[in-house]
1. Does region 55-64 include one or more residues that are within 10 Å of Ile7 (Cα to Cα) and either touching a residue at least 12 places away in the same chain (Cβ under 8 Å) or of a type in the set (A, V, I, L, M, F, W, C) (or both)?
2. Given the residues Val45, Val110, which is the only one that is of a type in the set (A, V, I, L, M), closer than 15 Å to Asp10 by Cα, without any contact (Cβ under 8 Å) to a residue 40 or more places away in the chain and touching a helix residue (DSSP H, G or I) at 6+ places or on another chain (Cβ under 8 Å)?
3. Scan region 76-101 for residues that are surrounded by 12 or more Cβ atoms within 10 Å (Cβ to Cβ) and either touching a residue at least 24 places away in the same chain (Cβ under 8 Å) or in contact with a helix residue (DSSP H, G or I) (Cβ under 6 Å, 6 or more places away or on another chain) (or both) and report the count.
4. What's the number of the condition Tyr35 fails, among (1) of a type outside the set (S, T, N, Q); (2) touching a helix residue (DSSP H, G or I) at 6+ places or on another chain (Cβ under 6 Å); (3) without any contact (Cβ under 8 Å) to a residue 24 or more places away in the chain?
5. Would you check which residues across region 39-65 are of a type outside the set (D, E, K, R), at pLDDT 85 or above and either over 20 Å from Leu98 (Cα atoms) or surrounded by fewer than 19 Cβ atoms within 10 Å (Cβ to Cβ) (or both) and list them?
6. Search region 1-19 for residues being polar (S, T, N, Q) and either at pLDDT 95 or above or touching a Gly at 6+ places or on another chain (Cβ under 6 Å) (or both), and hand back the single one that is farthest from Ile87 (Cα to Cα).
7. If I ask for residues that are surrounded by fewer than 19 Cβ atoms within 10 Å (Cβ to Cβ) and either farther than 22 Å from Glu114 by Cβ or of a type in the set (Gly, Ala, Ser) (or both), which ones from region 1-34 would you list?
8. So, in region 74-118, of the ones that are within 13 Å of the chain's Cα centre (by Cα) and among the basic types (Lys, Arg), which residue ends up farthest from Val45 (Cα to Cα)?
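The values are calculated or read from the model by the stated rules, or taken from the named source; none is laboratory data. Predicted, not measured: the structure shown is a model, and the values here were computed from it. Note that each Cβ is placed from the backbone with ideal geometry, even for glycine, and that neighbours are counted across all protein chains shown.
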Amino acid sequence: MKPLSCISIDDNPLFTRKLEAFTEGLDWISIIDSYDNPIQGATAVVNSNPDVLFLDIEMPYIDGEYLVDWIKPRLQSMEKQPRIIVISSVSEPPEELLANSDGFINKSDVTDPESFEKKLREILG
């Protein structure tokens, strides 16, 4: 079975490396690219259409909520749209963002590969 392809958009390179390390040992999911620039990341999502998008909320220039609003219409015509998982340190993500995403993971809950995988499986089913 082919692993789920993922793109991560997060302005924190240390957290991005953590996600990459936590998914390295998993055979069912793979981060194919990571972006600290939200505009480049959004363009990559539209161009490569990954299975999953990991998205931070608080980033310079453009926040995650705006990015989802920009990406969603561009993905409507695609046969398969990526699942959007918001990963952020905010304790209360905006309701509209939650409504437009498939799940939320608080960065403080991403402490080890096992807990991260458990959260992913809860969201992705």
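1. At the first step, the residues of region 55-64 found to be within 10 Å of Ile7 (Cα to Cα) are 55.
Narrowing the set further to residues that are either touching a residue at least 12 places away in the same chain (Cβ under 8 Å) or of a type in the set (A, V, I, L, M, F, W, C) (or both) leaves 55.
The answer is yes; a qualifying residue exists.
2. Just a single option satisfies the conditions, and that option is Val45.
3. Taking region 76-101 and keeping what is surrounded by 12 or more Cβ atoms within 10 Å (Cβ to Cβ), we get 81-90, 93-94, 97-98, 100-101.
Checking which are either touching a residue at least 24 places away in the same chain (Cβ under 8 Å) or in contact with a helix residue (DSSP H, G or I) (Cβ under 6 Å, 6 or more places away or on another chain) (or both) leaves us with 81-90, 93-94, 97, 100-101.
So the answer is 15.
4. Exception for Tyr35: condition (3).
5. The answer is Ile39, Gln40, Thr43, Ala44, Val46, Asn47, Ser48, Asn49.
6. Within region 1-19, the first condition is being polar (S, T, N, Q), and the residues that meet it are 5, 8, 12, 16.
Still in the running and either at pLDDT 95 or above or touching a Gly at 6+ places or on another chain (Cβ under 6 Å) (or both): 5, 8.
Details: Ser5: 17, Ser8: 9 Å.
Here the residue is Ser5.
7. Selection gives Lys2, Ser5, Asp11, Pro13, Ala21, Gly25, Ser30, Ile32, Asp33.
8. Lys107
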